[in-house]
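Here it is: the structure, laid out below.
The values are calculated or read from the model by the stated rules, or taken from the named source; none is laboratory data. Keep in mind it's a predicted model, so treat the numbers as computed, not measured. As a convention, Cβ positions derive from the backbone with ideal geometry for all residues, glycine included, and neighbour counts pool all protein chains shown.
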Amino acid sequence: MPVAEMQGIEPADLAAGTEIDEYTLGDGVFKGGMSTLRTATSSVGKKVMVKFFIQESSYQRELSSLLALQEAESRNVISLIDYFEAEEEDEWFPQSVIILELGIVSLQHWAHGKRPVSEVYLKPILLDILGGLESMYAAGLVHCDLKPGNIMQFACPGREQGIWKLIDFDCACKVGQPVRGLTLDYCAPEVLHATRAGKSLMATHALDMFSCGQIIHWMASSTPIWGEEEATDAVMAHMLCQDSELPIFSSTFTQLPVYHLVVELLRKDPAKRLTLKALRKKSYFQSTLDTRVVSDLLKQRLAIEDIDTDEDEEGGAGTVMIPEENDSIFINFSRYVRHRGLRRIWSTNGWGRQISRDTLVESLKNYLAADTTALEAVDGFMDKFLPISLEDNLDAAAGDPVTIERINQAFPKIVSKCQLGDWILHQVHLKSQSRIYM
């Protein structure tokens, strides 16, 4: 579409194929409160996002923030690819424009149907968010509108889950500058107090830390902090302005360390709120150990201690004698495997009374392929709880056999409600590292 034909057309209405400088617009259109986003392709074939700003002040805030962060080469902040200086803008199009790298999906949409988010994903996402905040704070900036919709996943070589980056800096400002704009669901109470009083609030890093706590609660808790998923503005404002702290319950978290982080981040008094530096020093983030190894295993065990030791409804075995293999009759040996998850693997593969150790390891790794942390612990688990037999009469050609009796010792029935990956991690690490989350 020629420039002359674009006069007066809104960015969302521009036809696919329209050229903006060296960028050709695609079909993707996303409208926000302060801007319109369009997917596009550069002259060299690179997929990008074109952001059209409604207000010049928003454009200037985002551009200055991105330029400052670009100098720091932050890996957890969206990359600025191009922007149009004032003298480059045409009179026919009054909106300012910047060009950004194209992401995959926002955290808001990614987490749909996944909450509470599994520990396999939770900690890597949080570490990326903290990485973005560290870059912002090093540049003296406060995001001021941190929320799941402003955190986006991007492709990253070597990382199957990609990398998460902070986006949308049109509300960002320097520390000590007046705060502009808020999203009630994730804003700190002091912002709301100032807004209601008609006063200006100077930006501090504590604002983002409260929002960070809200995001973690939203991701990790089974119950919304407002009591319901779609709370009204009136309900949220009332809860934020009350003197009492927000209702946060440990029973809604699968990980107690995460619960404690949320409590400390959501203090209504900003002076008592966790700082980014203090948050980064928490053992939850310092250790590379997956926190499922201390995921209230005692509570899980107490909850399932009423499982009896006789055969249950799924055909599991307690003290039942396991028959020997008999070629003349069919025996469903999977019914004698006590751990429900492992029983399904046994049944699917049609295994007999015993299976080679190598085959078992391969099947466990295939089953845990998406759980990279547990996957890495499989070999250690096998060495510790199902070691290679050193008996002289071992048939080397058949491989080291693992009998159902040995399987039931390594995966007892009492932990059937634990995921296989959780149990493997717990057994490998708990005894030596259980204190790190105290």
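Take the residues in region 69-81 that are crowded, with 20+ Cβ neighbours inside 10 Å and not in a loop (DSSP other than H, G, I, E, B), then tell me which one is modelled with the highest pLDDT.
By that ranking, first place goes to VAL77.
For region 82-110, how many residues are modelled with pLDDT of 95 or more and part of a loop (DSSP other than H, G, I, E, B)?
Count: 3.
A further question follows. Residue under question is ASP233, and the condition is that it be assigned by TED's automatic domain parsing to the domain that holds ILE129, more than 24 Å from SER118 (Cβ to Cβ), exposed (fewer than 14 other Cβ atoms within 10 Å of the Cβ) and not hydroxyl-bearing (Ser, Thr, Tyr); does it hold?
yes
Give the residues of region 357-377 that are within 19 Å of TYR121 (Cα to Cα) and not charged (D, E, K, R), sorted by residue number.
ASN366, TYR367, LEU368, ALA369, ALA370, THR372, THR373, ALA374, LEU375, ALA377
Residues being touching a Phe, Trp or Tyr at 6+ places or on another chain (Cβ under 9 Å), of a type outside the set (Gly, Ala, Ser) and at pLDDT below 95: count how many of those fall in region 159-177.
Total meeting the criteria: 2.
Does ASN349 satisfy the criteria of being at pLDDT below 80 and in the same structural domain as LYS413 (by TED's automatic domain parsing)?
In short, no.
Okay, moving on. With the requirement that a residue be farther than 14 Å from PHE381 by Cβ and surrounded by fewer than 19 Cβ atoms within 10 Å (Cβ to Cβ), what does region 413-429 give you?
Answer for region 413-429, where residues must be farther than 14 Å from PHE381 by Cβ and surrounded by fewer than 19 Cβ atoms within 10 Å (Cβ to Cβ): ILE414, LYS417.
Just checking, how many residues over region 229-263 are closer than 18 Å to LYS147 by Cα and charged (D, E, K, R)?
3
Looking only at region 5-49, filter to residues that are outside any strand (DSSP E or B) and among the charged types (D, E, K, R); which one of those is nearest to GLU101 (Cα to Cα)?
Ranking the qualifying residues of region 5-49, first place goes to LYS46.
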